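To start, the structure itself, in structure tokens.
Bear in mind these aren't lab numbers, they're just calculated from the coordinates by the rules spelled out. These numbers were taken from a predicted model, which means no experiment stands behind them. Heads up, the Cβs are rebuilt from the backbone with ideal geometry, glycines too, and the neighbour counts pull from every protein chain shown.
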Amino acid sequence: MDEITEIYNKLGGIISEDDFRKRVDEKVDQMSGLCDMKTAAMLVAHDLGVTDTVKDIIKIKDITADIGNVSFVAKVTSILDVREFNRNDGTIGRVGTVKVADETGSIKLTLWDDRADIIKDGSVEVGDSLEITGYAKDGYSGTEINIGKYGLMRQTDQKVEVSMQSQKIADIKDGMSDINISGKLLDISDVRNFQKKDGNPGRVMNILIGDETGKIRVTLWDEKVDSTTSLNLDDAVEIINGYARTNNFSQQVEVQIGNHGVLRKTEANVEYKESYTPIADIIPGESYSIKGFVSGLGELREFEKDDGTSNMVSNIYVSDDTGRIRVALWGDHALLVDELDIETPIEIIDAYSKSGYEDIELSAGNRTRITIK
DNA sequence: CCCCCCCC
């Protein structure tokens, strides 16, 4: 029995075999040689509403550029934006990229025109399982699957196990995309409202997450801000499809969660241990965490900033067995001075060091956490 | 695409 008959037999006699073969020939013509008979037969079956004709579903690791048309089932791991371009004939084309994975690997799908539109309209999202039929070819970063007019992409209930290769925080570099990390939620900022360059209102906030290799600031844009509402400090969270940028001000690499990024709670086991610096080792221009006891208390002061707003500051001294340092407590932290006594054990997490009034000092601002034992 | 790290 040939492959076409094999596929026909799965149709349950909804049309005659002659009719089926005729349609398959038409499909091959339509596709102007872009697909073989077997693929055309599957496509015709698909047109007739029969989708499980694809028996020899391939695994991603077995897809090579010379394989031609392939069918496989995979889970969407990241979605990149759609780009428009001008065709020579004057029409506007669209091209989009989606990354999918199964238990054997991951591969990029290049989606053309109508297929690309499903990214824009949100009918495909990270985490969806898809049946995919497309054409394998060499792309910019290895083998890719092209899905145009005659490709297939449809939701399926089939379970896809994806061994998501997640990175560690210490490995994140400027410019990286497709970042998957998990970590412990260490800090949550307020939401800031701002006006975008195009005049529209924007929202932005930050969280701080840590794993066993370090910690990193994460920026959430617009509606992604809302994904923090159900989260609590110390939760294990995961980030899917983030991208990394160096912050102009701090010169630190941060993870951005934009349109297609995801932040959510995870069951993953995440270890984070704060690392404390001996006071004697502090040099200016870095962020530090210290653990010690209060060894000096100043006055709470109110002052007016250059921009006319008012703020508070108080200074304390903290000592450990290596040295003593002045710590300026800004904003709400300043009020803490009233609760402290000499010898109160204190931990100051993520304070910024600089050459100060007398010597090196630490600034405890709105990114700093302070705990008193 | 945003915001910081400000006082005496």
Per DSSP helix of 4 or more residues, -39500 (n - 2.57); summed, then divided by the residues of chain A. What does that give at 222 nm, rounded to the nearest 500? -3000 deg cm²/dmol
In Hz, Karplus ³J(HN,Hα) per residue of the stretch A:68-79 (6.51, -1.76, 1.60; θ = phi - 60°; x = Gly, Pro): x, 6, 9, 10, 7, 10, 8, 10, 6, 9, 7, 10
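Starting from the exponent 0.38 and prefactor 2.2 Å, build the expected Rg for the stretch A:260-325 from its residue count and divide its actual Cα Rg by it. Mind showing how you got there, number by number?
Numbers: Rg = 18.4 Å, N = 66, 2.2 N^0.38 = 10.8 Å.
For the stretch A:260-325, the normalised Cα radius of gyration comes out at 1.70.
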Provide the packing ranking of A:170-176, A:91-97, A:196-202, A:258-264, i.e. peptides ordered by the mean count of other C-beta atoms within 10 Å per residue, highest first. A:258-264, A:91-97, A:170-176, A:196-202
Extreme residue, positive dipole direction of chain A, given options A:VAL28, A:THR39, A:THR77 (C-beta unit charges): A:VAL28
In whole Hz, the Karplus estimates of ³J(HN,Hα) for the stretch A:195-208 (6.51, -1.76, 1.60; θ = phi - 60°; x where Gly or Pro) are 9, 6, 4, 7, x, 6, x, x, 10, 8, 8, 10, 10, 10
Please report the orientation-averaged projected area of the stretch A:216-373, defined via the convex hull of its C-alpha atoms, in nm². 11.3 nm²
In terms of modelled amide H atoms, which long-range or inter-chain residues lie less than 5 Å from the amide H of A:ASP235? A:LEU185
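Once Rh for the stretch A:108-250 is found with the Kirkwood sum over Cα pairs, what is the Stokes-Einstein diffusion coefficient at 25 °C and 0.890 mPa s, in µm²/s? Walk me through the numbers on the way to the answer.
On the way: Rh = 17.9 Å.
Answer from the Stokes-Einstein relation: 137 µm²/s.
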Which log10 I(q)/I(0) values does chain A give at q = 0.09, 0.12, 0.13 Å⁻¹ under the Debye formula, counting every alpha carbon as one identical point scatterer? -0.68, -0.96, -1.07
Placing +1 on the Cβ of each Lys and Arg and -1 on the Cβ of each Asp and Glu in chain A, which of A:HIS260, A:SER16, A:ILE169 has its Cα farthest towards the positive end of the resulting dipole? A:SER16
Taking Cα atoms, how many degrees apart are the long axis of helix A:37-47 and the longest axis of chain A, rounded to 10 and kept between 0 and 90? 70 degrees
³J(HN,Hα) computed for each position of the stretch A:240-246 - Karplus, 6.51 cos²θ - 1.76 cosθ + 1.60, integer Hz, glycine/proline x: 10, 6, x, 9, 10, 9, 7
Counting only residues 5 or more places away or on other chains, whose amide H sits under 5 Å from the amide H of A:LEU297 once H atoms are built in the peptide plane? A:TYR317
Taking placed amide H atoms and a strict 5 Å upper bound, the residues 5 or more places from A:SER78 or on another chain that come that close are A:LYS99
Compute the distance in nm between two label points, each set 7 Å from the Cα along the Cα-to-Cβ direction, one at A:LYS173 and one at A:ILE14. 5.1 nm
Cross-link candidates for A:LYS305: which lysines have Cα within less than 24 Å, leaving aside residues fewer than 8 places away along the same chain? A:LYS354
For the stretch A:284-373 the GluC sites (Glu not before Pro) that pass both the DSSP coil test and the at-most-13 other-Cβ-within-10 Å test are A:GLU286, A:GLU343, A:GLU358
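Are any of the pairs A:LYS75/A:LYS149; A:LYS184/A:LYS265; A:LYS27/A:LYS149 more than 18 Å apart by Cα-Cα distance, and if so, which? Can you show the working numbers first?
Numbers: A:LYS75/A:LYS149 21 Å; A:LYS184/A:LYS265 10 Å; A:LYS27/A:LYS149 12 Å.
As for pairs spanning more than 18 Å Cα to Cα, those are A:LYS75/A:LYS149.
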Can you give the Rg to Rh ratio for the stretch A:203-255, taking only C-alpha atoms and Rh from Kirkwood? 0.95
From the cross-link list A:LYS10/A:LYS99; A:LYS108/A:LYS215; A:LYS120/A:LYS215; A:LYS173/A:LYS215; A:LYS10/A:LYS38, the entries with a Cα-Cα span beyond 21 Å are A:LYS10/A:LYS99; A:LYS108/A:LYS215; A:LYS120/A:LYS215
To the nearest 20 Debye, how big is the dipole of chain A about its Cα centre, given +1 on the beta carbon of each Lys and Arg and -1 on that of each Asp and Glu? 540 debye
